[in-house]
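> Quick one: the structure is below, and I'll ask about it shortly.
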Amino acid sequence: MDTDSLLLDATHARDPRAVLRDVFGYDAFRGDQAAVVEHVVAGGDALVLMPTGAGKSLCYQIPALVRDGTGVVVSPLIALMQDQVEALRELGVRAAFLNSSLGAREAAAVERALLAGQLDLLYVAPERLLTPRCLELLDRSRIALFAIDEAHCVSQWGHDFRPEYLQLAVLHERYPQIPRIALTATADELTRTEIVERLALAGARSFVSSFDRPNIRYRIVEKVDARRQLLAFLDEHRGEAGIVYCATRAKVDDTVQWLVSQGVDALAYHAGMDAAARSANQMRFLRDDAVVMVATIAFGMGIDKPDVRFVAHLDMPRSVEGYYQETGRAGRDGEPAEAWMAYGLADVVQQRRFIDQSEADDAHKRVSTGKLDAMLALAETIGCRRVQLLGYFGEAGLGWSNCGNCDNCLEPPQPWDATEAARKLLSCIYRVRQASGFGFGAQHIVAILRGQATPRVVQHRHDSLSTFGIGADLDETAWRAVLRQLIAQGLVSVDYARHQVLVLTEASRALLRGERTLQMRRPQAPERTRAKRARRGAATANTGSLGTEAAAHSAADPRDEALFERLREWRRAQAAERGVPPYVVFPDKTLREIARERPQSVHGLARINGVGTHKLETYGQAILDLVRDEAPPVAERM
């Protein structure tokens, strides 16, 4: 195959756009990428906030290839480093990593390559970078830039705090002339301030992109039968890869066992597992197309798999940042994806207990409570979830109020004035304590309200209270929803030390006296199963959520789909031969474009997004042979 006219030594071209095209295979930068690259190439420091899937990595990878020397990337997880290095090597980039997974001989080889100027990018764990040996090694090397990935790990208020990140200001002190770029997908105003202060980035230019992930559909449901609800959701995503997050290790194990019994190909991941088993499960998830990983948040930043089609939460996260970070692992390739969460009263009670019983100081507890309140507001809102989510990160005044790609926009909930019901519930809590001298939990209070003469209600003679049966018009789900709102708004608290007894707060007086009201969403009926493909193809007029390209998948030409599947089979074989995940060879998005465009020449294939010079040399002829076997071809693009 003659590719001479296409080849360019991009690492010496000193032109960022040439590097973008010839190494990474893309014709144009997206969003703020060009501005960030230009700023860092010129030697400036930068703080970059971009949503997952928006191309943060290119913001330091391209400057590292353009500037003299080696780009040093601080990355918190071994799996993430390995994944990114594999992907870069497939592009023909000279990349390596230094972490505890390497033996002494392998680490020494990487060090020699760095000193000899034979590396374009070096990924280093923060613990390794901060050692005297590594710092001395950097002193003797030519460094192009320092990139601090997952920079939110520096925040002690955040959901992914890493103590060693606090020491990374040493890079500014020791190498003041070398540009630094800190990157994250998740940071509210408080976290951004911490990043700047703790990494000594006071003079850095900030690039804050929109936090919107328009290809992700958000759906939050009330827990009725969480396992069955999860199974119905997974049925909509048969044959697709996804992640299910649980709050505890025990719940991960139980959920995996149950899903496997239901015929789901599910694996477990949590910190309590044997390291070898954990690693094996992660590797299988990365390299297979349709595995469901059930995990705690320990299965986090190391996930660079672009074709994760869904993320599900069986328990509510502690913060919007955590929720955004975890759901952002779906749809990194820009294709349609879904974020689903089931939550209930127990989630609210549990999260409040975590905060109240933590050993943190009062200031930290106040911040944690505020973050939990924001998460509850997202779960309970009757408005557009995307508007609420983006508003949390400071994106207000979006110019639209209906994204067309969340459950509340697709099936608007019924608003409900729950003031009277809330007063009944508060009165019942008060009467029970007055009659017995002590309090009771949610199940007992709801039984009294609904007029259920359970053995315990009769035993304590609570069937004779004035509040017995005054709420018979509402079912248990509705009452638990009202109670969840009251706890979320601080009108009821839970005494965890005494079997989760419900207690009125000072704030509840205003509601009892008629000085305030309670508006909430009407409790949902049990979810009905939804058609998988039909619902995922919709786009929104307000935000263009899925875009015309993604929407077209639902109506793809059967011949294109057949070629796409053949290309995936070919990719699977190539990946197995090279010992890399399939998406490192080519992502689904590139294969879909090949199947749709059916290039008949090297030049035609070179125009496909994601096909750079090295991949054209490595795989071009095999792809062209596959395409030519399919008939009829479509006209090549001009």
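> Any idea how far the Cα center of the range 20-86 sits from the one of the range 185-262, in Å?
24
> Another question, if that's okay. Any idea what diffusion coefficient the chain gets from Stokes-Einstein, in µm²/s, Kirkwood Rh on alpha carbon pairs, 25 °C, 0.890 mPa s?
91
> Further question on the same structure: With respect to the cross-link table entries K56/K371; K223/K424; K251/K424; K251/K371; K56/K251; K305/K365, which display a Cα-Cα separation exceeding 28 Å?
K251/K424; K56/K251; K305/K365
> Taking only C-alpha pairs under 8 Å that are 6+ residues apart, what is the relative contact order of the range 345-504 in percent?
Here the relative contact order equals 21 percent.
> Taking the convex hull of the alpha carbon atoms in the range 362-443, what volume per residue do you get, in Å³?
It is 150 Å³ per residue.
> If you bin the C-alpha pair distances of the range 1-148 every 5 Å from 0, what whole percents do you get?
Going out from 0 Å in 5 Å bins, the range 1-148 shows 2, 9, 19, 23, 21, 13, 9, 4, 1, 0 percent.
> If you take the charge dipole of the range 106-219 about its Cα centre, with +1 on Lys and Arg Cβ and -1 on Asp and Glu Cβ, which of P176, Y165, A144 is farthest toward its positive end?
Comparing the listed Cα positions along the dipole, A144 ranks first.
> What are the membrane-span-like helices in the chain by this rule: whole DSSP H runs, Cα extent along the axis at least 20 Å, mean Kyte-Doolittle hydropathy at least -1.0?
362-380, 419-436, 613-629
> Leaving out ligands and nucleic acids, and using a 1.4 Å probe, what accessible area per residue does the chain come to in Å²?
On a per-residue basis, 41 Å².
> In debye to the nearest 20, how big a dipole does the chain give about its Cα centre with +1 on each Lys and Arg Cβ and -1 on each Asp and Glu Cβ?
In debye, rounded to 20, the chain gives about 1520.
> Charges on Cβ only, +1 for Lys and Arg, -1 for Asp and Glu, centred on the Cα centroid of the chain; of A377, F393, I195, which one is farthest towards the dipole's positive end?
So the residue furthest toward the plus end is A377.
> Sticking with this one: On the protein heavy atoms, probe 1.4 angstrom, tell me the percent of accessible surface of the chain carried by carbon and sulfur. Intermediate values should be presented prior to the final figure.
On the way: 12860 of 26250 Å².
In the chain, the share of accessible area belonging to carbon and sulfur is 49 percent.
> Let me ask something else about it. List the equivalent ellipsoid semi-axes of the range 228-298 in whole Å, largest first, each obtained as the square root of 5λ for an eigenvalue λ of the Cα gyration tensor.
19, 15, 9
> Taking 8 Å as the Cα distance limit and 6 or more residues as the minimum spacing, I'd like the relative contact order of the range 130-191 as a percentage.
Relative contact order, the range 130-191: 44 percent.
> In percent, how large is the relative contact order of the chain, given Cα pairs closer than 8 Å and 6 or more residues apart?
15 percent.
> Would you mind computing the Rg to Rh ratio of the range 314-412 from its alpha-carbon coordinates, Kirkwood style for Rh?
For the range 314-412, the value is 1.00.
> In deg cm²/dmol and to the nearest 500, what is the mean residue ellipticity at 222 nm of the chain if only DSSP H runs of at least 4 residues count, each as -39500 (n - 2.57), divided by the residue total?
-12500 deg cm²/dmol
> A further question follows. Along the charge dipole of the chain, which of V494, P587, V458 sits closest to the positive end, that is, farthest toward it, with unit charges on the beta carbon of Lys, Arg, Asp and Glu (+1, +1, -1, -1)?
Of V494, P587, V458, it is V458.
> Based on alpha-carbon centroids, what's the gap between the range 434-467 and the range 400-425 in Å, whole number please?
30
The values are calculated or read from the model by the stated rules, or taken from the named source; none is laboratory data. Everything numeric here is computed off the predicted structure, so don't read it as measured data. Cβ atoms come from the backbone with ideal geometry, glycine included; neighbour counts cover every protein chain shown. Surface areas here come from the heavy atoms of the whole protein model, side chains and all, with no ligands, DNA or RNA. Shrake-Rupley method; radii C 1.70, N 1.55, O 1.52, S 1.80 Å.
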